[in-house]
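The values are calculated or read from the model by the stated rules, or taken from the named source; none is laboratory data. Note that this is a predicted model, so its numbers are computed, not measured. When we count neighbours, we look across all protein chains shown, and the Cβ atoms used for this are built from the backbone with ideal geometry, even at glycine.
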Amino acid sequence: MGEAILKRIEGPIIVSKETRDLEMNEEVRIGEEGLVGEVIRITGDEAMIQVYEDTTGLKPGIKIFGMNKPLSVELGPGLISNTFDGIQRPLTVIKEKQGIFIKRGFQVPSLSRDKKWEVDIKVKKGDAVSSNSIIGEVEETSLVKHRILVPPGITGKVIELGKASSYKIEDTICVVEGKEGKKIGIKLFHSWPVRKKRPFLERLSPQEIMFTGQRVIDTVFPIAKGGVAAIPGGFGTGKTVTQHSLAKWADADIIIYIGCGERGNEMAQVLEEFPKLKDPRSGKTIMERTILIANTSNMPVTARESSIYTGITIAEYFRDMGYDVALMADSTSRWAEAMREISGRMEEMPAEKGFPAYLSSRLAEFYERGGRVKVEKDRVGSVSIVGAVSPPGGDFTEPVTSHTKRFIGTFWALDRELANSRHYPAISWTESYSGYLDRVSVWWESKGLSIMGLRKKLMEVLLEDSHLREIVRLVGEGALPEMERLTLRKAELIKEGFLQQNALSQVDAYCFPEKQYRMLKMIFEFGEGAEGLLGMGVPLFKIEELPVFSEIKRMGEEIGNEDLDKFDELSSKIEKEFDGLRKEYG
Ligand SMILES: Nc1ncnc2c1ncn2[C@@H]1O[C@H](COP(=O)(O)OP(=O)(O)O)[C@@H](O)[C@H]1O
Ligand SMILES: [Mg+2]
């Protein structure tokens, strides 16, 4: 077993001397308290170790012990509904045992050793099994069947099966005879190194939409299951609110939410609010499919990095069971800043804005762990990633945003001006894009909702609107012909009536596909009818004065997902009010 002696402390990093048998990326324990660290450089008999806990009070001379394994996470029943810190310590258990602040070196297993799980064994004696074969199933929550997988790398034949009806996670549920007669016990859990991506058979391209109930996302800039997205925005533009909405409503089997380096009270709000929310598909509390990872700003910076890796590794594990997993990381910039700090301490040559040269490859490695994959012959799973980016001053040319852009398929650019005018979500329609449009349009069509044609019109109106607004700024709206002024009104309906969506609204926080379609259709029904009226000589101000004009702006709030019939009423109302004008001017 590797060992070393603490030589000096440099903030979150320590340097050891008399280092023997420690390996790169090996997990270590420091001193009697057993603080958790990871070897990040070895030169001669010195090692640099990043410590995932507060290093104050450590003294030179303290002993460091190698754990003989890379930094790893435990994968097995007990993950769902749990809240972990960056190195997968269960915060709820810790809180019960010793209050809200984790004492340094506090050691408690990630997954409960005492809890018993009923296992439905899925294999027989003599079955050939290999990496990721399903040995059994545990009903972890009413929403998640946890499939017990053969850990990657093991191949063999089942020679013994457990007979108990329930097991603790360290119990052996089956024995596999591997190469050269080697017997391997399969338990309910296994460990996996966080920096190593889990293997699969084949990468597939994302196909289906990951529906989120957010109109500007689903209709305008959608993300696919297995897609990767970034949401950059300056302070207060709505990154966290949007990430929360996605965690609450995204149509995924498993949600992993990483609070990385952001305020603790936001995480507290999640802990308070999520258990009370119901999944719109199942009616169950969303915590039954959610895992939270909290590394808030008051926790050690080094653990920001591990929180990202811990999260993505757990995500891959559920993907391997055949699930669609969605991971949100708020914010990847805090992770990048931690990288910068550690790199500075290591005296590495800085690249752009002081970030290390490997910033880009680390981001690439992270986003590449997203995707839709074939795990086994008949099993497909996906990991969708949504990374928040917090560019200083909202400047999207800074390194984290610009590198991230190269690795993602959907870009939701948050716009300061929109946020200032309280247009939420402040997702810019000029700077955002989605690379999954073609594929998700098939999904909309399959629901009988031809929304992509309407989307095209929406983008045309918004584009024309921004040209016209340039002119209006110079010469005022009065200088425009009525038909062009109508375009401004249509854009107003699109922005206020469709794109804006209050995340805190009881009625509108989550919008069904059909409601999205009918809202957009209503706007164009009004717009096209109004064009006809202008053609007949009806002045625009008469149309603007119609009560339905403002009613359309409020339809998101006023028409619930369950009473879509009200759209028919609104439609008749448009017809009636238009008729009135036709009579007056006909
Ligand atoms: N979709 C939304 N609906 C309603 N309010 C929103 C929405 N998005 C953002 N906000 C408002 O903006 C504020 C700041 O958002 P937040 O997500 O905390 O910003 P960031 O994480 O980018 O700093 C929120 O407290 C909320 O008042
Ligand atoms: Mg935030």
Search segment 377-415 for residues being within 20 Å of residue 206 (Cβ to Cβ) and among the β-branched types (Val, Ile, Thr), and hand back the single one that is nearest to ligand 1 (Cβ to nearest atom).
386
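Identify the residue in segment 416-435 that is assigned to a loop (DSSP other than H, G, I, E, B) and within 14 Å of ligand 1 (Cβ to nearest atom) and, among all such residues, is nearest to residue 361 (Cα to Cα).
428
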Which members of segment 318-354 meet the condition of being under 17 Å from residue 12 (Cβ atoms) and touching a residue at least 24 places away in the same chain (Cβ under 8 Å)?
334, 335, 336, 337, 338, 339, 341, 342, 345, 346
Out of (1) within 16 Å of ligand 1 (Cβ to nearest atom); (2) among the β-branched types (Val, Ile, Thr); (3) assigned to a strand (DSSP E or B), what's the single condition that is false for residue 175?
(1)
When segment 296-331 is checked residue by residue, the ones that are within 16 Å of ligand 1 (Cβ to nearest atom) and in contact with a Ser or Thr (Cβ under 7 Å, 6 or more places away or on another chain) are 330, 331
Within segment 334-352, count every residue that is basic (Lys, Arg) and within 16 Å of ligand 2 (Cβ to nearest atom).
1
Report yes if some residue within segment 70-80 is surrounded by 18 or more Cβ atoms within 10 Å (Cβ to Cβ), hydroxyl-bearing (Ser, Thr, Tyr) and in a strand (DSSP E or B); otherwise report no.
yes
What residue, among those in segment 267-294 that are within 16 Å of ligand 1 (Cβ to nearest atom) and either touching a residue at least 60 places away in the same chain (Cβ under 8 Å) or small (Gly, Ala, Ser) (or both), is surrounded by the fewest Cβ atoms within 10 Å (Cβ to Cβ)?
268
Among all residue pairs at least 6 apart or on different chains, which show Cβ distances below 8 Å where the first residue, located in segment 542-567, is of a type in the set (S, T, N, Q) and assigned to a loop (DSSP other than H, G, I, E, B) and the second is modelled with pLDDT of 95 or more and crowded, with 18+ Cβ neighbours inside 10 Å?
561/510; 561/511; 561/515
Name the single residue, out of those in segment 514-536 being of a type in the set (Phe, Trp, Tyr) and farther than 14 Å from residue 495 by Cα, that is surrounded by the most Cβ atoms within 10 Å (Cβ to Cβ).
526
Among the numbered criteria (1) out of contact with any Asp or Glu (no Cβ under 7 Å at 6 or more places or on another chain); (2) over 24 Å from residue 451 (Cβ atoms); (3) surrounded by 15 or more Cβ atoms within 10 Å (Cβ to Cβ), which single criterion is violated by residue 546?
(1)
Can you pull out every residue in segment 205-219 that is more than 26 Å from residue 398 (Cα to Cα) and either of a type outside the set (Lys, Arg) or within 16 Å of ligand 2 (Cβ to nearest atom) (or both)?
205, 206, 207, 208, 209, 210, 211, 212, 213, 214, 218, 219
Inside segment 340-379, can you point out the residues that are assigned to a strand (DSSP E or B) and over 26 Å from the mean Cα position of the chain (by Cα)?
350
Just wondering, is there one or more residues in segment 214-231 that are within 14 Å of ligand 1 (Cβ to nearest atom), surrounded by 23 or more Cβ atoms within 10 Å (Cβ to Cβ), polar (S, T, N, Q) and within 11 Å of the chain's Cα centre (by Cα)?
no
